[in-house]
1. Can you tell me the Rg and the Dmax, both Å, for the Cα atoms in the range 244-342?
2. Pull out the extension gain between residue 451 and residue 53, defined as 0.36 nm times the separation in residues minus the alpha carbon to alpha carbon distance; nm, one decimal.
3. Rg and Dmax in Å for the range 338-394, alpha carbons only: what are they?
4. Give me the three principal axis extents of the range 151-228 from the C-alpha atoms, as integers in angstrom, largest value leading.
5. What distance in nm separates the simple spin-label points at residue 112 and residue 254, each placed 7 Å from Cα in the Cβ direction?
6. What do you get for the angle between helix 70-82 and the principal long axis of the chain? Use alpha-carbon atoms, 0 to 90 degrees, nearest ten.
7. With Kirkwood's inverse mean 1/r over C-alpha pairs for Rh, give me the Rg to Rh ratio of the range 37-136, two decimals please.
8. Given 10 Å bins starting at zero, what is the percent of C-alpha pairs of the range 408-464 in each, up to the one with the largest pair distance?
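All of the numbers you see were taken from the coordinates with simple rules; none came from a lab. In this text, all values refer to a predicted model and were calculated from it rather than measured experimentally. Backbone-built Cβ (ideal geometry, glycine too); neighbour counts: all protein chains shown.
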């Protein structure tokens, strides 16, 4: 890592990019934005549970990998919640189940040596529930682990959550031959229908999908809930986004290991959430490792619930599209994000720090701070801010990305150090790099329509 002089020291110093001197903005007595972190952490408290255990085998579950344990698990959860809470314990073995719905004051505990293996039949994820698909609200198949309007809920332990998705189940619905789809097989053509409904303000009660529409559910999704903990578990073979709390407050995601390379297999996507801590997690994914979201297009702007006050620390990212990403479904806006002490490296990781939006999304991303970031190898950019993602400038909205700071970052190999493209009529604003050393770069920076880019004690070196 670079030396540890403070952010304030470097904000007052002369800037260098290679041998090029760049004037530095004087911030005077501006407070350090990281001073807000203790206040956020003081509000993020993991839920506590009574010392009562409800063993699912006492309700008829069998860990033989063949017996359908759905009803037994549901009964254990219901009795635990009715009793005032405690742990619903999945003992050693492989327990086959369909959708699980968490209730208030229940900690679903999956210890080491235990696996929840999810049934592959989509019909077992009915009845329909209120959820989001790629940032748009709808009625769809239940996420595999779901809660709605609950308080004090958890999924803990060192066991495995196995989505049992593969090239013949769930993944082919993507409509890609890379994931098992063949001509004549069903795929998610309903995706466009849903997005059109969102764009035209069709009421949620009329956005009924599920059977016959082929929109994959997320794996773990608590909705409209408070005091959420997901800790310790390993998540594999997800149908879609993996851990994606929606409209939740006080969320802790700690020590989770995600290894899943299916389509749209984002690792952790807090969506329209407040006060979120993601720490000590490992990501090896088929899409973005972490992607902070807040709804898509008009639907996201109408719901108007930003994601705010997010702390990400001590995480490791391997394969994926972006390591730490904001967007592209960020139409409800994202603000106050703090990322520190993370390690990102893989030839199959495209961008380390990624912001993606376009002229249909709109929305604002602001006040995002990175420090002590170690990047080994990425295939594309160390820092990317791209207004041309997906539909690009084909839309009426003017997204805002401003006040982004990266300090104490090192990188060893990338195509670009910086790839930043705003619109001619909507510039990216106030990007600061401080005390960074980016080596092994193949191409010159791409910087278009950016105002207020400052680099203080930054070294960027090309590959030899």
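1. Cα radius of gyration and Dmax of the range 244-342 are 12.5, 35 Å respectively.
2. On the way: separation 398, 0.36 × 398 = 143.28 nm, distance 5.70 nm.
Working it through step by step, the gained length comes to 137.6 nm.
3. Rg and Dmax of the range 338-394, Cα atoms, are 13.0, 37 Å.
4. 43, 35, 18
5. 1.8
6. Roughly 80 degrees, rounded to the nearest 10.
7. Values: Rg = 15.6 Å, Rh = 15.0 Å.
A ratio of 1.04.
8. 24, 49, 25, 3
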